[in-house]
Amino acid sequence: MLNKIKRYIASEQLLKPKAHCLVALSGGADSVALLLTMRQLGYETDAVHCNFHLRGDESNRDEEYCQSLCKQLNIPLHIAHFDTLTYAEAHKVSIEMAARELRYRYFFQLKEALGADAICVGHHQEDSVETILINLVRGTGLSGMLGIRPKKGDIVRPLLCVSRKEIEEYLHQQAISYVTDSTNLVDDVVRNKLRLNILPQLAAINPSVNDAILTTARHLMDVDKIVEASLLQALQSAVKPLRKGQEISFKRPFKPEENVPFTLDLQVVRQFSAPSYLLFYVLKPLGFTTSQITEVAELADEKTGQLWESAAYELTHDRHSLLVLPLEHDVPRPLVIPETGRYIYDEHTSIRLTTSFRNPQTPLSFSKDANIIDLDAASIRFPLTLRRTEVGDRFTPLGMQGTQLVSDFLTNRKCNRFEKRTQLVLQDATGTILWVVGQRINHHFRLTESTTECLRVEALV
């Protein structure tokens, strides 16, 4: 078994030789075998035990066993105690999820403190089979049928190449005992129901059911690589960030950096061999539900304006694209500008104001940059205010006489929801909008032949 695990670690590139490993040690057969094999394969090994205080005396028994085993093997042991029930109640999560969150948070903190290379956990082949069946019963995509991955970030699983039977035989050969979690023998949760009831029935049909399921999973891994390459190629042309200078990583799971709004070209989506799958790939990691994504796919050809929200993002259909925008919790406050100078509005935008005198005899000249304007300074009253556009804002666009709603002006300019939401306006002390930033100035503040003092405004984005 040692040689089998050694080859698996090498083939999956789980660990470098002589790596420093933290081994999650519960006291059960899997974790004990993992601790022994890591030690015998020459890795620097520390054991980590978490006491969740969920099983009374049995929890304390497990801790004492781990202390005795590590003392016998001369392996450093780190122990953490958790009030799991209180944590679950406070965070409104299941006890199972609470234990998971507490466990991995401690693992990562300890790894950082010790400078370890990886966290090793003892999942084996049957665990992967159970995970596949759980995902299948609950409903899953292709990735859910691949089973437990051998590596995820700093977490590695060297025992995925061996069965529970091989583990028990190995421990018997090593004359090493282990403890049994009594809750694993009660069919009260989904995984236990599968392990104790369903899998034995499947084994009656096919004694090699575990091997059959894992073989299928390996075939699907090859299929997944093909699908992944196709998806990434489509995303390269379909997804574009809305802000200049920002980038989006297309590695799985697809997820842009925080606060990066982007567009998804519906024409590219429709031309993809499986449009719904492409939408699922993009939107599921952002927290949108399967029913929401299905609805998006069905309504993608309908009129624009539909809106969907996840916990962190909003999605809207805008003409020939889908816009994906981070939900805003903190809108930048209006910036009051008392005099000329440079001022910072937010992390993306600052503004600079300068004045200059103009000879009325010289011809008028204007900047060709949409973010640089010149206004008649004599007609402007400070302080100025730079702010987001609001409902009811009106101004007189250059070249017009009457006023127009800023919202209507932006609609006519074919601005999308994100552009409308983040549109800035510059107003003077009277509340008159001088400039819809980057779009159009107010006609009444334009330069004329009689202008003697210019106010130049530059939006630095």
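Below, the figures for the structure above:
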quantity	calculated
Leading residue by the ranking (farthest from the chain's Cα centre (by Cα)) among those in region 425-445 that are within 9 Å of Pro397 (Cβ to Cβ) and of a type outside the set (Lys, Arg)	His443
Residue within region 29-36 that is in the same structural domain as Gly153 (by the TED database), within 19 Å of Asp154 (Cβ to Cβ) and surrounded by fewer than 16 Cβ atoms within 10 Å (Cβ to Cβ) present	no
Yes/no for Arg358 being of a type in the set (Lys, Arg) and modelled with pLDDT of 90 or more	no
Candidate set from region 129-141 (those that are over 23 Å from Ser208 (Cα atoms) and not hydroxyl-bearing (Ser, Thr, Tyr)); member that is modelled with the highest pLDDT	Arg138
Residues satisfying the stated conditions in region 319-332, i.e. open to solvent by 20 Å² or more (accessible area, probe 1.4 Å) and in contact with a strand residue (DSSP E or B) (Cβ under 8 Å, 6 or more places away or on another chain)	His320, Ser321, Leu327, Val331, Pro332
One residue from Thr452, Thr422, Thr430 being of a type in the set (Ser, Thr, Tyr), out of contact with any helix residue (DSSP H, G or I) (no Cβ under 8 Å at 6 or more places or on another chain) and surrounded by fewer than 18 Cβ atoms within 10 Å (Cβ to Cβ)	Thr430
Qualifying residue in region 376-389 (condition: under 36 Å from the mean Cα position of the chain (by Cα), at pLDDT 95 or above, closer than 27 Å to Arg243 by Cβ and in a loop (DSSP other than H, G, I, E, B))	yes
Matching residues, region 95-114, being surrounded by fewer than 16 Cβ atoms within 10 Å (Cβ to Cβ), touching a Leu at 6+ places or on another chain (Cβ under 8 Å) and at pLDDT 95 or above	Leu114
Checking Ile205 against (1) open to solvent by less than 70 Å² (accessible area, probe 1.4 Å); (2) modelled with pLDDT of 95 or more, the condition it does not meet	(1)
Within region 121-161, considering residues that are touching a Gly at 6+ places or on another chain (Cβ under 8 Å) and small (Gly, Ala, Ser), the one nearest to Tyr277 (Cα to Cα)	Ser128
Cross-chain or 6+ apart pairs with Cβ under 8 Å, region 142-155 first and assigned by the TED database to the domain that holds Phe108, then at pLDDT 90 or above and basic (Lys, Arg)	Ile148/Arg157; Arg149/Arg157; Pro150/Arg157; Lys151/Arg157; Asp154/Lys111
Any hit, region 185-192, residues being touching a residue at least 12 places away in the same chain (Cβ under 8 Å) and over 28 Å from the mean Cα position of the chain (by Cα)	yes
Check on Ser356, in a strand (DSSP E or B) and surrounded by fewer than 16 Cβ atoms within 10 Å (Cβ to Cβ)	yes
Failed condition for Glu44, given (1) touching a Leu at 6+ places or on another chain (Cβ under 9 Å); (2) under 14 Å from Asp117 (Cα atoms)	(1)
Residue list for region 230-246, filter: in a helix (DSSP H, G or I) and either under 16 Å from Arg164 (Cα atoms) or open to solvent by 60 Å² or more (accessible area, probe 1.4 Å) (or both)	Gln233, Gln236, Ser237
Filter result (under 37 Å from the mean Cα position of the chain (by Cα), open to solvent by 60 Å² or more (accessible area, probe 1.4 Å) and touching a residue at least 60 places away in the same chain (Cβ under 8 Å)) within region 55-94	Arg55
Filtered residues of region 2-18 (kept if surrounded by fewer than 19 Cβ atoms within 10 Å (Cβ to Cβ) and at negative phi)	Leu2, Asn3, Lys4, Lys6, Arg7, Tyr8, Ala10, Ser11, Glu12, Lys16, Pro17
Residue satisfying condition, being within 30 Å of Leu299 (Cα to Cα) and not assigned by the TED database to the domain that holds Arg446, within set Glu419, Glu314, Glu390	Glu314
Residues of region 433-447 classified as open to solvent by 30 Å² or more (accessible area, probe 1.4 Å) and touching a residue at least 60 places away in the same chain (Cβ under 8 Å), total	3
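Here is a yes/no grid of residues against (1) in contact with a Cys (Cβ under 9 Å, 6 or more places away or on another chain); (2) aliphatic (A, V, I, L, M); (3) assigned to a loop (DSSP other than H, G, I, E, B):
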position: Glu126; (1), (2), (3): no, no, no
position: Val129; (1), (2), (3): no, yes, no
position: Leu136; (1), (2), (3): no, yes, no
position: Thr140; (1), (2), (3): no, no, yes
position: Ser143; (1), (2), (3): no, no, no
position: Arg149; (1), (2), (3): no, no, yes
position: Leu159; (1), (2), (3): yes, yes, no
position: Lys165; (1), (2), (3): no, no, no
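The values are calculated or read from the model by the stated rules, or taken from the named source; none is laboratory data. Model, not experiment: these values are computed from the prediction. Neighbour counts run over all protein chains shown; Cβ positions are idealised from the backbone, glycine included. Surface areas here come from the heavy atoms of the whole protein model, side chains and all, with no ligands, DNA or RNA. Shrake-Rupley method; radii C 1.70, N 1.55, O 1.52, S 1.80 Å.
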